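Shown next, in structure tokens, is the structure this report addresses.
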Number of protein chains: 6
Amino acid sequence: MPIVDLHILEGYSPEEKQRLGRELTNAVRFVVPASPDLVTMTIHEIPAENYYRGGLKRTPAPARADPVGIVQDYLAAMEAREIETARSFLSDEFVMTFPGTAPMHHLEELIEWSKPRYKFVTKTYAGFDAMQGQDDAAIVYCRGTLQGRYLDDSPFEGIRFVDRFEIIDDKIARQDVWNDMAEVRTKP
Amino acid sequence: MPIVDLHILEGYSPEEKQRLGRELTNAVRFVVPASPDLVTMTIHEIPAENYYRGGLKRTPAPARADPVGIVQDYLAAMEAREIETARSFLSDEFVMTFPGTAPMHHLEELIEWSKPRYKFVTKTYAGFDAMQGQDDAAIVYCRGTLQGRYLDDSPFEGIRFVDRFEIIDDKIARQDVWNDMAEVRTKP
Amino acid sequence: MPIVDLHILEGYSPEEKQRLGRELTNAVRFVVPASPDLVTMTIHEIPAENYYRGGLKRTPAPARADPVGIVQDYLAAMEAREIETARSFLSDEFVMTFPGTAPMHHLEELIEWSKPRYKFVTKTYAGFDAMQGQDDAAIVYCRGTLQGRYLDDSPFEGIRFVDRFEIIDDKIARQDVWNDMAEVRTKP
Amino acid sequence: MPIVDLHILEGYSPEEKQRLGRELTNAVRFVVPASPDLVTMTIHEIPAENYYRGGLKRTPAPARADPVGIVQDYLAAMEAREIETARSFLSDEFVMTFPGTAPMHHLEELIEWSKPRYKFVTKTYAGFDAMQGQDDAAIVYCRGTLQGRYLDDSPFEGIRFVDRFEIIDDKIARQDVWNDMAEVRTKP
Amino acid sequence: MPIVDLHILEGYSPEEKQRLGRELTNAVRFVVPASPDLVTMTIHEIPAENYYRGGLKRTPAPARADPVGIVQDYLAAMEAREIETARSFLSDEFVMTFPGTAPMHHLEELIEWSKPRYKFVTKTYAGFDAMQGQDDAAIVYCRGTLQGRYLDDSPFEGIRFVDRFEIIDDKIARQDVWNDMAEVRTKP
Amino acid sequence: MPIVDLHILEGYSPEEKQRLGRELTNAVRFVVPASPDLVTMTIHEIPAENYYRGGLKRTPAPARADPVGIVQDYLAAMEAREIETARSFLSDEFVMTFPGTAPMHHLEELIEWSKPRYKFVTKTYAGFDAMQGQDDAAIVYCRGTLQGRYLDDSPFEGIRFVDRFEIIDDKIARQDVWNDMAEVRTKP
């Protein structure tokens, strides 16, 4: 025990079912401290012709894309300075806040903001945390360290960062960024 | 659809079952974008005398305390400078990292670190995000803004922060803190 | 086989569950010609604190009154000429059609219509048929024979009739009546 | 809620399962006034090699033909005066009663009865009601209006009728007919 | 996995449910070599008012007495020479076969048979094996060694035996006994 | 009732599922004296990609060979004096005890033991009883009568025997034999 049974309409991919297996197992463990090996989870796929709501057949909603994957692809595009690609991951209501900035809505604003700060920056990832929020947004955190070069070409590395993303309808609607850049810069 | 059935041993409180209801519903929605109103979740409580593993009866593991509640109580104790109380929420392996610090293991180190920085600081919370990690730790993020007074008694407020906690066996094992203090301080 | 499992929120009476047992068993047999003895039906009552839709608790809807009972009580009140009582079973949109009448909305119209036809009439019931319609109405048919006295005090009996009722929200919304009175009267 | 799970042996057609979906949903709604959209019904088809009664495999009983379809085909054959076809829908114990007739067992009796009454008659359907009876018979009601020509070639139309059928083992075992023909004929 | 769910009418004792837990777990393991710790078995007790077969309520059959217990009590009575008590465990059709005997129907026959063989004998049990047979009988084997005294008062011990019992309706209907007494006696 | 649902990973053969159907039905009947016809048992096969333990996929354990079949094949090989074949059914820890012998580990010991006793012996089977033991061993009993020829070529027949086998990991680990040979030989 605990035993979880999930009934869904037929039509999800093995990868999507694997995600359901992991998420539901973790959801149980969030409350019940069972050894993972004792949490069993079975997916029962119901063919559309065997499921009725209000006496009518229904079609399965396509699964959400993995929000972690969306974030990873977006961050990779940003590092590669493929702005068009990066923009394709954003929703129309996209808003982002970086240390010391007001809310920004366009990647161009971010680029402007970064210009007086560093030549380039890349990320080393320590981990991702992801979950469904109470509302429509999936939440993804990624954290790790930044490395790159300042405007004077001097290198930096090991600067801690954390990003928080909200993903709605498979698009990034919000990005909040914290890091130790100012802390590090102001160190004697 | 989707329909989730959770079978657990009898003995969990209404509040604990409410948490299971919320977590499992969100876990499904993390993958399947069903309207929340269409995600039904039923808990089937099995009396101990009706459940057998390997032909033997088992007893239910006590539920975990709500990790968000643990974090809230810990942060409240820190704000109130009730260090003994705050320490009671920490595991023996506790480690914390603040902007610009090396990993610290004792609250006294944190107090020393803060002395040259500010007189006091309190938090206004914008939100908590919590989930079970793949390993034993539950993860809690809290974010919001800091307000307080610098050493020269000048006030500050609206400084963004985010904390990440790992809770293992109902104790905080790790705290990572990011904020815009240095960014703000170094603004002209 | 077939095996039916019905999950409902806790709170229905034994009589209401008996009705569910009978209706669901018959619904299966309407399509699958299994011997009744092989159709098993189990009701699983879920305590409110164990059921979540969209992560929220729900309360059970009170069961409908038995539509056959409503019709029987209404017809008994009509036979006893307790018009006020009979009227209490009717919805505001009540409409009834008797042989040769236009649709009528008030029991007084029916009484006027019957005055030139018979002194009184009572019913002997041969059977009731009842089911849920596709829309909101439950449908009840009752059939049998009429007996009574014509205006000239001559008796009649054994005149076939059938009534069809629509019951919505426990109120009779429609009554349609057919019988052989004219056929019998015009017999040489 | 309510949630219905039906376990049947594999081998029923989509149309037969659709009928089960509709009938079981309505059976629940007959007692519990849930919005249709909240009544979910899942059919679990069990392969014959996975079901054992008394430790032995069983084979599924073929589904019943839709009783409404049987009645519709029978009535269409009668209107088209295809007596042989119509007769093929009747059981050996068939009995029918029309306004003013004694119970009749053969369609020829009906034809004789109608000869002095009208040249021909056709039906306009207002609706069908169908359900499983407590015993073996499925019950079908159809109602609507009659139109046609009297013996003197004068037309009639809009005469209300209702027919009640009992269907046993996919054959019509009983037909009871009520209508307003006499009422209409005797109107001044 | 495997996961067993047993649905029974409410009314069985904890000891009876424990027996069901053990028997069903072993039944699975007889075919699927899962570690016992991975075979979970849940008993779902259905209140009588929630179970319908053919639309009618049913009452649970009282559980069988544990056949091993019946055999143990019978053998204990035999050792204690409480013949009346021993006889109370036997069905009217009781038949027993001992080494070299024809089928016997009465305990008195057994006593007669043993008289020229030994003064008394008691049993040391090495184990019991029990199962349900395909027909109505439960089967119990017990095996171990015999000790006692021959007619000449010389002792014997360690003589292997095995008994097979058939229990029908909580009564012993058949006993078959094998042992090495003759083998031992004839040893030089 | 009772209704048994067994959930196993997909991949067992019809013959293996038939064995599960029989064993689980009998396991229920061992405790609840329901008519076999009222014990229904459904196997739910879960595709590997739909089952998660600890969030991870698992593979089904291959079914055990039918222990009765193993015993029958071993005994047939022994009767046919195909010692190599017979030995292939034995585990490395095999031990057997025959009337009057110490525990033996090799078939050759058995052959030596039998040489001064009979020329050959064959078995007529009256029945097999088989079950899973509490530990890893499946238990098989077979019983019936022996026939053959003594060393002096004189025939014997109808001598009762019973064998008990323990089968672990599809190999015979233990054989215990009882019979009436000595009893019969010493009869005057």
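The values are calculated or read from the model by the stated rules, or taken from the named source; none is laboratory data. The structure displayed is predicted, hence computed values, not measured ones. When we count neighbours, we look across all protein chains shown, and the Cβ atoms used for this are built from the backbone with ideal geometry, even at glycine.
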All conditions in (1) more than 30 Å from residue F:39 (Cβ to Cβ); (2) in contact with a Gly (Cβ under 8 Å, 6 or more places away or on another chain); (3) assigned to a helix (DSSP H, G or I); (4) not aromatic (Phe, Trp, Tyr) are true of residue C:60 except (3)
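Matching residues to (1) within 30 Å of residue E:23 (Cβ to Cβ); (2) of a type in the set (S, T, N, Q):
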| position | (1), (2) |
| --- | --- |
| E:76 | yes, no |
| E:94 | yes, no |
| E:117 | no, no |
| E:124 | yes, yes |
| E:133 | yes, no |
| E:149 | no, no |
| E:177 | yes, no |
Within segment D:160-185, of all residues that are out of contact with any strand residue (DSSP E or B) (no Cβ under 8 Å at 6 or more places or on another chain) and closer than 16 Å to residue D:146 by Cβ, the one farthest from the other protein chains (Cβ to nearest Cβ) is D:185
Residue set C:48, C:61, C:86; condition closer than 30 Å to residue E:54 by Cα, surrounded by 15 or more Cβ atoms within 10 Å (Cβ to Cβ) and among the small types (Gly, Ala, Ser); output residue C:61
Some residue of segment F:90-98 being assigned to a helix (DSSP H, G or I), more than 13 Å from every other protein chain (Cβ to nearest Cβ) and among the hydroxyl-bearing types (Ser, Thr, Tyr)
no
Of the conditions (1) free of Cβ contacts under 8 Å to residues at least 24 places away in the same chain; (2) of a type in the set (Asp, Glu); (3) more than 27 Å from residue C:184 (Cα to Cα), the single one that residue D:183 does not satisfy is (3)
Scanning segment F:163-180 for residues that are of a type in the set (Phe, Trp, Tyr) and over 9 Å from the mean Cα position of the chain (by Cα) gives F:178
Residue F:137: passes all of (1) at the interface with chain E (Cβ under 9 Å from one of its Cβ atoms); (2) closer than 19 Å to residue E:139 by Cα but (1)
Only one of (1) crowded, with 17+ Cβ neighbours inside 10 Å; (2) touching a Lys or Arg at 6+ places or on another chain (Cβ under 9 Å) does not apply to residue C:147, and that is (1)
Looking across segment D:55-86 at residues that are aliphatic (A, V, I, L, M) and touching a residue at least 60 places away in the same chain (Cβ under 8 Å), the single one that is farthest from the other protein chains (Cβ to nearest Cβ) is D:75
When segment D:4-54 is checked residue by residue, the ones that are in a strand (DSSP E or B), more than 10 Å from chain A (Cβ to nearest Cβ) and out of contact with any His (no Cβ under 9 Å at 6 or more places or on another chain) are D:9, D:52, D:53
If we ask which residues in segment E:1-14 are without any contact (Cβ under 8 Å) to a residue 40 or more places away in the chain and out of contact with any strand residue (DSSP E or B) (no Cβ under 7 Å at 6 or more places or on another chain), their number turns out to be 1
Filter segment B:11-47 for residues that are under 30 Å from residue E:18 (Cα atoms) and of a type in the set (Gly, Ala, Ser); the one that is modelled with the lowest pLDDT is B:11
Scanning segment D:113-129 for residues that are among the charged types (D, E, K, R) and surrounded by 12 or more Cβ atoms within 10 Å (Cβ to Cβ), the one farthest from residue C:139 (Cα to Cα) turns out to be D:119
Note: among F:152, F:176, F:163, F:180, just one is among the charged types (D, E, K, R), over 20 Å from residue E:36 (Cα atoms) and in contact with a Gly (Cβ under 7 Å, 6 or more places away or on another chain), namely F:180
Only one of (1) of a type in the set (D, E, K, R); (2) under 15 Å from the mean Cα position of the chain (by Cα); (3) assigned to a loop (DSSP other than H, G, I, E, B) does not apply to residue F:81, and that is (2)
Original post:
Quick check: is even one residue across segment A:111-129 within 30 Å of residue A:29 (Cα to Cα) and basic (Lys, Arg)?
Top reply: no
